[in-house]
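Scroll down for the structure; my scribbles are underneath it.
The values are calculated or read from the model by the stated rules, or taken from the named source; none is laboratory data. In this text the structure is predicted, and so the values were computed from the model without any measurement. Positions of Cβ are backbone-derived with ideal geometry, glycine not excepted, and every protein chain shown enters the neighbour counts.
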Amino acid sequence: MRLFKKKSTEILEGDLTPMIDMTFQLIAFFMLLINFSEVDRAEEILLPSSVLAVPPEVRPDYQIILNLEPSGVVVFEGQKNGIDLLNPLLSRQVDAAAREGIRDPADIAVIIRSHEDTPTGIVQELMAKCQESELQSFSLRVKNQK
Amino acid sequence: MQMSISEPEEIKINMTAMIDIVFQLLVFFIMTFKVVAMEGDFNIKMPLASESADSLDEELPDLITVRLEAGENGNISSIIVDDSETLREATMFPDLTNIVEDRLAGEGNPEQGSETEVEFDIDYNLKYSYTVKAIGAVSGKVLGDGKLKPLIKKVKFKDVGNGL
């Protein structure tokens, strides 16, 4: 007498619901943390570090972020320029701020992200150039060591 | 007459395409994710020359002048405070902090330092990292319990514009 094993013909389906839930949560996490303001940062700039620099509590109403390389090249909105050629760009920013209701250039925050090996004289030249466009509020951005 | 009620068919949605897209999104976000280091600011207010001329009539704040001299390769060689005290040792930055703290204590204002101003006169070639260290040294002090004691709040650079 031959015995036949009864083959199972059911399709095995795992419950994918927890995995999909988890995946959606991961996507939500990364979406919230993704930083789209990379254009303001230049990857090659290595900031000096300090314990005493305070992270800004309030974002200024209008800010201009200038990345300064050791050679004196300024990276602004992803474009590289010499300090001498900054005047038209800064004037355009002052005009843009005025259109947003910030009439006094003194209220515009200039954030200088300079490489740690940049000669300080070049940083001062950059500040002087900004002053030509009546910009007065400067923040020297550094890496917080905390 | 007897009516037969047929069992409803189970509707199955094909999830494969959605899961594919979801995984591709997940991979995209993981690949583009960067951990950004925390950053902080040292604020410097530098009024224009005309404005500072207008404010000449106002009472001038106490001023501490700090000269940072560059040595070879842009490294710091010495710090001169008020043209009198010269710091050359490896502990020059903590020493600078102590001098500023003593000055503020002598003026009966050890906590705030709000009115005293520090003017930096810096060699052109000095590396920016040393400038930041010096600004940090006059701005405050880390106490034993990890708390920060603020010292000077007003910092300016010599030779940038006219009335820093």
Exercise for the section: Determine whether segment A:62-82 contains at least one residue that is in a helix (DSSP H, G or I), more than 9 Å from chain B (Cβ to nearest Cβ), small (Gly, Ala, Ser) and out of contact with any Leu (no Cβ under 7 Å at 6 or more places or on another chain). Expected result: no
Fill in the blank from the handout: The condition from (1) under 18 Å from B:ASP121 (Cβ atoms); (2) buried (at least 18 other Cβ atoms within 10 Å of the Cβ) that A:ASN144 misses is numbered (1)
Fill in the blank from the handout: Filtering segment B:124-161 down to residues that are facing another protein chain (nearest Cβ under 10 Å), surrounded by fewer than 19 Cβ atoms within 10 Å (Cβ to Cβ) and either closer than 15 Å to A:GLU125 by Cβ or small (Gly, Ala, Ser) (or both) yields B:TYR124, B:ASN125, B:GLY146, B:LYS158, B:ASP159
Handout entry: Residue in segment A:117-133 that is more than 20 Å from B:PHE120 (Cα to Cα) and within 13 Å of another protein chain (Cβ to nearest Cβ) present
Key = yes
Problem - Enumeration of residues in segment A:33-58 that are more than 9 Å from chain B (Cβ to nearest Cβ) and at pLDDT below 85 - result: A:PHE36, A:SER37, A:VAL39, A:ASP40, A:ALA42, A:GLU43, A:GLU44, A:GLU57, A:VAL58
Fill in the blank from the handout: Checked segment B:144-158 for anything modelled with pLDDT under 85 and over 14 Å from B:VAL118 (Cα atoms); matches are B:GLY144, B:ASP145, B:GLY146, B:LYS147, B:LEU148
Exercise for the section: Name, by its number, the condition in (1) more than 10 Å from chain B (Cβ to nearest Cβ); (2) in contact with a helix residue (DSSP H, G or I) (Cβ under 9 Å, 6 or more places away or on another chain) that does not hold for A:ARG92. Expected result: (2)
Practice task
Say whether the condition of being modelled with pLDDT under 90, surrounded by fewer than 16 Cβ atoms within 10 Å (Cβ to Cβ) and at positive phi is met by at least one residue in segment A:93-104.
Solution key: yes
Practice task
Examine segment A:7-14 for a residue that is touching a helix residue (DSSP H, G or I) at 6+ places or on another chain (Cβ under 9 Å) and outside any strand (DSSP E or B), and state whether such a residue exists.
Solution key: no
Exercise for the section: Inspect segment A:109-116 for any residue being farther than 16 Å from B:GLY40 by Cα, touching a Leu at 6+ places or on another chain (Cβ under 9 Å), among the charged types (D, E, K, R) and within 14 Å of chain B (Cβ to nearest Cβ) and give the result as yes or no. Expected result: no
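Okay, residues lined up against (1) surrounded by 14 or more Cβ atoms within 10 Å (Cβ to Cβ); (2) at pLDDT 75 or above; (3) over 16 Å from B:PRO150 (Cβ atoms):
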residue: B:ILE44; (1), (2), (3): yes, yes, no
residue: B:PRO47; (1), (2), (3): yes, no, yes
residue: B:LEU63; (1), (2), (3): no, yes, yes
residue: B:ASN73; (1), (2), (3): no, yes, yes
residue: B:VAL81; (1), (2), (3): yes, yes, yes
residue: B:THR86; (1), (2), (3): no, yes, yes
residue: B:THR91; (1), (2), (3): no, yes, yes
residue: B:ASN109; (1), (2), (3): yes, no, no
residue: B:GLU117; (1), (2), (3): yes, yes, no
Handout entry: Check on A:GLY121, touching a Gly at 6+ places or on another chain (Cβ under 8 Å) and within 27 Å of B:TYR124 (Cα to Cα)
Key = no
